1. Considering only residues that are surrounded by fewer than 15 Cβ atoms within 10 Å (Cβ to Cβ) and free of Cβ contacts under 8 Å to residues at least 12 places away in the same chain, look in segment 139-158 and name the one that is nearest to Lys5 (Cα to Cα).
2. Quick check on segment 82-89. Is at least one of its residues under 20 Å from Met118 (Cβ atoms) and either in contact with an Asp or Glu (Cβ under 6 Å, 6 or more places away or on another chain) or at pLDDT below 95 (or both)?
3. Out of segment 29-62, which residues are of a type in the set (Asp, Glu) and assigned to a helix (DSSP H, G or I)?
4. Tell me, please, whether a residue that is over 24 Å from Asn65 (Cβ atoms), in a helix (DSSP H, G or I) and out of contact with any Gly (no Cβ under 8 Å at 6 or more places or on another chain) can be found in segment 115-130.
5. Filter segment 110-136 down to residues that are surrounded by fewer than 19 Cβ atoms within 10 Å (Cβ to Cβ) and of a type in the set (A, V, I, L, M, F, W, C) and give me whichever is farthest from Phe81 (Cα to Cα).
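The values are calculated or read from the model by the stated rules, or taken from the named source; none is laboratory data. This is a predicted model, so every value here is computed, not measured. Cβ sites come from the backbone with ideal geometry, for glycine too, and all protein chains shown count toward neighbours.
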Amino acid sequence: MDYSKRLTLLHALCLAETFDDGDGTKPNINLSEYNALDSAHYLASYVTFKAIQAADRQPAFERKNNFDMLSVYQAYALLCFAFLTQPLAQENITPDLNAAQIIVAKTLFAGLPDAELMEILESGFNKFKLIGEAEAEHWSEFRENLDKITVSFVVAGTDDDSPHSKEEMLPIFGQMLSQLCEAFESI
């Protein structure tokens, strides 16, 4: 199965699990109506949201008491998006990071005023670049581990022969987010 198909399948599966409009209808699971980049946007938001839950973080509290932490979530989501889309280069699919950061931010921070959203976008992107360009061993190791976990999540969610389930991977995303939050809390 092409990697792009794996992304769209995982998108449909995750959406079906979380979809509840109260009237019993199911989301569209026709994979031909999904595309890999839209799926990567959704999955980056999905794993970030699940990581926030697994890490027992409180975004509403942090919005009032540690607003900069929201930009750490944004940077984390962008890293997940980058690792989700990196294998798409083999299929000649090129992600648009500028569009992705806006889509992900609007998904994660729906309802925030535009001024706050812009601050999160700018600060989150700066953190994303900092982490991506850092040569320190701990940042290199963090990137490598998040890359492995992200790809493992895609495989776990789309391959019946995977040794792990995607649900088993979600707490690891939480641990990785906790590491990132701790790194930026100490700065």
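1. Result: Lys148.
2. no
3. Glu33, Asp38, Glu62
4. yes
5. Across segment 110-136, the extreme among qualifying residues is Ala115.
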